[in-house]
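Working notes, beginning with the structure itself.
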Amino acid sequence: MTVVDDVRSTIQGLRREVCALHEQLTRYRLVVWTAGNVSARVPGQDLLVIKPSGVSYDDLTPENMVVCDLEGRVVEGEHAPSSDTEAQAYVYREMPHVGGVVHTHSTYATAWAARGEAVPCVLTMGADEFGGEIPVGPFAVIGDDSIGRGIVETLRGSRSPAVLMRNHGVFAIGKDARSAVKAAVMCEDVARTVHISRQLGDPVPLAPAQVDALFDRYQNVYGQR
Ligand SMILES: [Zn+2]
């Protein structure tokens, strides 16, 4: 295979993967209508694969995913890309280790974002997944770099792979698109449980040393090797 064929088959694979991962957003009830999306970086290329804008989840196919460059310009695809493409492209430009980005307005996490309050680390799953609180990013409007900048600045100061953008919703990152979807799913689950706990009283914080130990074990030891 030539280099061009190689890139082509990688993009084909990512089109299938990104398309299929959107089923997880509806399965875990993280999205309604068309509000939420998954993207993946094309490894070694300044390209990303993302959901088309305004196409309902039932109508997504590998073929209607959109390939953009890291400035958010369409390189391949019949549809306009998600309106979050610029923000996600900014994340890929600034964070080379990120291979996938997910955006949702999932209910509980977004309820914390609406209050501008970080989700405190009061659960082992919070420590495992996020290594501390799930932080809040600034309020930013669509249309320039400000969402992307807010995501990157907030996540750089945190171990969390998810950020609650104030008055908006969740952006989650991962080494690939599947990890980013997992972070978005876990973010909603932690936000929901801590919210319910708050209704019943004051959740007990984990000590920083406990958070560190849990995070380290989960990130480095847990699961199949
Ligand atoms: Zn949004």
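Between a residue in the stretch 144-173 that is modelled with pLDDT under 95 and any residue that is among the charged types (D, E, K, R) and not in a loop (DSSP other than H, G, I, E, B), which pairs come within a Cβ distance under 8 Å, given they are 6 or more apart or on different chains?
Within 8 Å, the pairs are Asp144/Glu86; Asp145/Glu86.
Hey, among the residues in the stretch 122-162 that are of a type in the set (Ser, Thr, Tyr) and part of a helix (DSSP H, G or I), which one's nearest to Tyr218 (Cα to Cα)?
Thr124
For the stretch 34-63, which positions are more than 16 Å from the ligand (Cβ to nearest atom), touching a residue at least 40 places away in the same chain (Cβ under 8 Å) and not charged (D, E, K, R)?
Of everything in the stretch 34-63, those that are more than 16 Å from the ligand (Cβ to nearest atom), touching a residue at least 40 places away in the same chain (Cβ under 8 Å) and not charged (D, E, K, R) turn out to be Ala40, Pro43, Leu48, Leu60, Thr61, Pro62.
Which of (1) within 16 Å of the ligand (Cβ to nearest atom); (2) surrounded by fewer than 22 Cβ atoms within 10 Å (Cβ to Cβ); (3) not in a helix (DSSP H, G or I) does Phe171 not meet, given it meets every other one?
Exception for Phe171: condition (2).
Is there a residue being assigned to a strand (DSSP E or B) and within 16 Å of the ligand (Cβ to nearest atom) anywhere in the stretch 70-85?
Yes, the stretch 70-85 contains a residue that is assigned to a strand (DSSP E or B) and within 16 Å of the ligand (Cβ to nearest atom).
Rundown of residues vs (1) within 15 Å of the ligand (Cβ to nearest atom); (2) on the phi > 0 side of the Ramachandran plot; (3) over 12 Å from the mean Cα position of the chain (by Cα), yes/no style:
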site: Thr110; (1), (2), (3): yes, no, yes
site: Gly116; (1), (2), (3): no, yes, yes
site: Met125; (1), (2), (3): no, no, yes
site: Gly137; (1), (2), (3): yes, no, yes
site: Ile151; (1), (2), (3): yes, no, no
site: Asp176; (1), (2), (3): no, no, no
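The values are calculated or read from the model by the stated rules, or taken from the named source; none is laboratory data. Nothing here was measured: the structure is a model prediction, and the numbers come from that model. Positions of Cβ are backbone-derived with ideal geometry, glycine not excepted, and every protein chain shown enters the neighbour counts.
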